[in-house]
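The next block holds one structure in the form of structure tokens; read it before the comments.
The values are calculated or read from the model by the stated rules, or taken from the named source; none is laboratory data. Note that the structure is predicted; figures quoted are calculated from it, not measured. Cβ: placed from backbone, ideal geometry, glycine included. Neighbour counts: every protein chain shown. These accessible areas exclude ligands, DNA and RNA; they are computed on the full protein's heavy atoms, side chains included. Shrake-Rupley method; radii C 1.70, N 1.55, O 1.52, S 1.80 Å.
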Amino acid sequence: QVQLVQSGGGLVQAGGSLRLSCAASGSIDSLNVMDWYRQAPGRQREFVATVTSGGTTHFADPVKGRFTASRDNAQKTVYLQMNSLKPEDTAIYYCYTSINFRAYWGQGTQVTVSS
């Protein structure tokens, strides 16, 4: 069994920054590709970012240039650094990975950006 435990998030004013963490534990030797998704009220969950095992990152257009992602393979942790936050970034953020064709999600963390 694999667990993804998220931390970070909270309330911030527009233009501020937050960092999310996602730590993997359990039956996992190393991190695979790790993704970040978010879900705003009344909207479908959407892709935010991905971090490959080698550290290559890819971002959805709405967050490009504002968000960065990184990983610490030794700590089995990935991070999402969110800068220049906007009210439309308000959502519950989830980390995600797939191991042996099985999907694992973090518990979600609320990010609220006030205008």
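Calculate what fraction, in whole %, of the accessible area of the chain sits on carbon and sulfur atoms when a 1.4 Å probe is rolled over the protein chains. Show your work: numbers first, answer last.
Numbers: 2840 of 6070 Å².
The value for the chain is 47 percent carbon and sulfur by accessible area.
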Apply the Karplus parameterisation 6.51 cos²θ - 1.76 cosθ + 1.60, with θ equal to phi minus 60°, to every residue of the stretch 95-105 and state each ³J(HN,Hα) to the nearest whole Hz, in sequence, with x for glycine and proline.
9, 8, 8, 10, 10, 6, 6, 10, 8, 10, 10
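Evaluate the relative contact order of the chain (contact order divided by residue number), counting alpha-carbon pairs under 8 angstrom at least 6 apart; express in whole percent. Don't jump to the answer; show the numbers that get you there.
Details: 275 pairs, mean separation 40.8, N = 115.
Computed over the chain, the figure is 36 percent.
Would you mind working out the magnitude of the charge dipole of the stretch 55-115 relative to its Cα centre, with +1 at each Lys and Arg C-beta and -1 at each Asp and Glu C-beta, to the nearest 20 Debye?
The dipole magnitude comes to about 160 debye.
Rolling a 1.4 angstrom probe over the protein heavy atoms, how many square angstrom per residue are accessible across the stretch 11-102? Let's see the in-between values first.
Values: 4940 Å² over 92 residues.
Counting only protein heavy atoms, the per-residue value for the stretch 11-102 is 54 Å².
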FRET efficiency for L11 and F47, Cβ-Cβ distance as r, R0 = 41 Å, nearest 0.05?
0.95
Under-5 Å amide H pairs with I99, H placed in peptide plane, nonlocal only
Y104
What residue among T52, A23, Q13 has its Cα farthest toward the positive end of the dipole of the stretch 1-85, where the charges are +1 on Lys, Arg and -1 on Asp, Glu, each on the Cβ?
Q13
With labels modelled as points extended 7 Å from the Cα through the Cβ direction, what inter-label distance (nm, one decimal) is found for A74 paired with F101?
3.6
Quick check for me: using +1 on Lys/Arg Cβ and -1 on Asp/Glu Cβ, what's the dipole size of the chain about its Cα centre, in debye to the nearest 20?
60
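What is the Cα convex hull volume of the stretch 58-115 when expressed per residue in Å³? Mind showing how you got there, number by number?
Values: hull volume 6.2 nm³, N = 58.
Cα convex hull per residue, to the nearest whole number: 107 Å³.
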Can you bin the chain into rounded, prolate or oblate? Criterion: square roots of the alpha carbon gyration tensor eigenvalues sorted a ≥ b ≥ c, rounded for a/c under 1.5, prolate for a/b above b/c, oblate for the rest.
prolate
Value of relative contact order over the stretch 17-61, rounded to a whole percent, pairs C-alpha under 8 Å and six or more apart:
27
